[in-house]
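Reading through the structure tokens given below for one structure.
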Amino acid sequence: MKANFPHPPHPLHLPPILPAPIGPLTPHLYMPDARRPVRAKLQQLGTDTRVVPHRHPWAQLAVSATGVVRLTVAHGTYIVPPSRALWIPPGVEHAVTVLETADLLTLYLHQPRGRCGPQVAGPLQAAWQQCRVLEVSDLLRALALELDATADGAGPPLGADALRREARLCALVLDELRRARPVPLGVDLPADKRLRALCEAVLAEPARHATLDGWARDCGASPRTVARLFRSELGTSFVQWRQQVLLARAVALAARKMPMAAIAAELGYASPSAFSAMVRRSVGATPSRFLGF
């Protein structure tokens with residue numbers, strides 16, 4: 001269903017001028033294979049760095065060792081702070097935006113033909129055939145950081161002892177990844193361009209309006225029209241969708257060590273208790289657990 005927004009009488013707030021996007025960060029130099037099934041790449045990226053949409057024939061786990069990044073795929077966007085990781089299946093196009101200067105640790109995982117996931121049994125593969133946000137344990141992060149992150153051709157080949165050690169680390173990484181708890185933290189995005197513009201505006205400044213009426217007014221559409229499009233395009237209400245945006249923003253703010261009360265105020269909640277109630281209702285966990293305090 002195509003949106004039928006009238007031309008907005010006042011344009012949405014214009015975004016700041018950002019640096020030009022850059023290309024993929026040499027993924028071909030870290031190609032995993034059956035002999036080295038998990039390859040690691042560590043790179044520091046400055047705030048507002050944008051990596052153009054790209055894809056890989058292997059799976060990817062994006063971990064922010066420090067800082068916060070946002071990864072966007074065709075139908076959704078994900079905030080990745082140090083307490084979380086994003087699994088991206090093979091062939092899924094994705095773009096990266098750095099929200100706060102980050103040491104981005106990327107694990108590339110070899111996927112044998114017809115298989116998907118961290119070496120999981122057949123019936124369990126379906127869950128790994130889509131993007132998913134995962135909790136990152138201290139052990140998983142430590143193991144990933146121990147993997148050799150040297151690009152192919154940038155140094156001498158690994159010797160036999162180093163390869164055996166890497167194989168043991170890889171086995172532990174895959175085991176810990178299989179144990180990682182999924183977190184409902186993704187934000188779905190519509191295909192319709194006008195509705196997507198509204199959604200991007202909410203992502204950029206979620207507390208600008210507390211109700212659908214204000215956002216509809218910004219884009220020159222009736223609240224009823226926007227509400228209907230959220231149902232038809234995303235299968236949810238605007239209120240439920242915006243809650244996912246607020247949760248994602250809360251995680252990014254928590255990564256900056258912002259206190260709970262300040263996060264609640266930043267997101268437009270009258271009190272920390274009101275914010276806590278929303279988190280419990282949405283994810284079934286306490287804010288301290290969900291935000292990694």
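We did not get these values from a lab; they are worked out from the coordinates using the rules stated. It should be emphasised that the depicted structure is a prediction, and the values quoted were computed from it without experimental measurement. Cβ placement follows ideal geometry from the backbone for every residue including glycine, while neighbour counts extend to all protein chains displayed.
Below are the figures for this structure:
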read-out: Proxy reagent accessibility, fewest Cβ within 10 Å first, across I22, I88; value: I22, I88
read-out: Alpha carbon centroid spacing (whole Å) that separates segment 243-293 from segment 177-238; value: 18 Å
read-out: Cα long-axis angle, helix 238-255 against the chain (0 to 90 degrees, to the nearest 10); value: 50 degrees
read-out: Cβ-Cβ FRET estimate between R181 and R231, R0 fixed at 41 Å, reported to 0.05; value: 0.85
read-out: Semi-axes of the equivalent ellipsoid for segment 27-183, Cα gyration tensor, largest first, Å; value: 22, 19, 15
read-out: Length released on extending from A34 to Q119, taking residue separation times 0.36 nm less the Cα-Cα span; value: 29.4 nm
read-out: FRET efficiency, 1/(1 + (r/R0)^6) with R0 30 Å, evaluated for A262 and A20 via beta carbons; value: 0.35
read-out: Gain in span if fully extended, R55 to A210, counting 0.36 nm per residue against the direct Cα distance; value: 52.2 nm
read-out: Kirkwood Rh in Å, taken over the chain so that all alpha-carbon pairs contribute; value: 20.4 Å
read-out: Sorted by Cβ neighbour density within 10 Å, fewest at the top, the residues W87, W215; value: W215, W87
read-out: Within the chain, helix-based [θ] at 222 nm, where runs of 4 or more DSSP H residues each add -39,500 (n - 2.57), nearest 500; value: -10000 deg cm²/dmol
